[in-house]
């Protein structure tokens, strides 16, 4: 597997659109909103986000096929107001690759890119019912500055603010 940071200046959203949308449609829990009905993941929203130079996206590609096997992307956290916080908008990995610690590689690459851009913190929401919030809690232990549970259209979530 190979990590790749998407560069909207040299690459086009149209080149990754289908694979990103395919991955986003996977792993939708029953309590979640189907991708085609989700206003946060419409074609227009994703195109705007991936074409914005402030967005940092990392792709995990199969070296043989070059197909995207997973990704994560972050945008400036406008709610924070400091200009030093990025919000992880989404993270997805193909289900058959779960448990291989690939998310660790994706996140390390994203965090390095965020630090390089001057960010000090990242925020994210994670589902509670599927255990993802607990995995984040365990993985980031001493770096978590804030966490709080809340309801969302995806079911119960946990918000995290993490020091980079």
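The values are calculated or read from the model by the stated rules, or taken from the named source; none is laboratory data. Quantities reported herein were computed from a predicted structural model and do not represent experimental measurements. Virtual Cβ from ideal backbone geometry, glycine too; neighbours counted across all protein chains shown.
For the range 16-31, filtered to residues that are within 24 Å of residue 111 (Cα to Cα), modelled with pLDDT of 85 or more and surrounded by fewer than 16 Cβ atoms within 10 Å (Cβ to Cβ), the residue that is nearest to the chain's Cα centre (by Cα) is 21. Can we say residue 122 is touching a residue at least 60 places away in the same chain (Cβ under 8 Å) and within 25 Å of residue 148 (Cα to Cα)? Judged against the criteria, residue 122 is not a match. Of the strands (runs of 3 or more DSSP E) lying entirely inside the range 57-164, the ones with 1 or more residues being loosely packed, with under 14 Cβ neighbours inside 10 Å, more than 13 Å from the chain's Cα centre (by Cα) and at pLDDT 95 or above are found at 144-150, 157-163.
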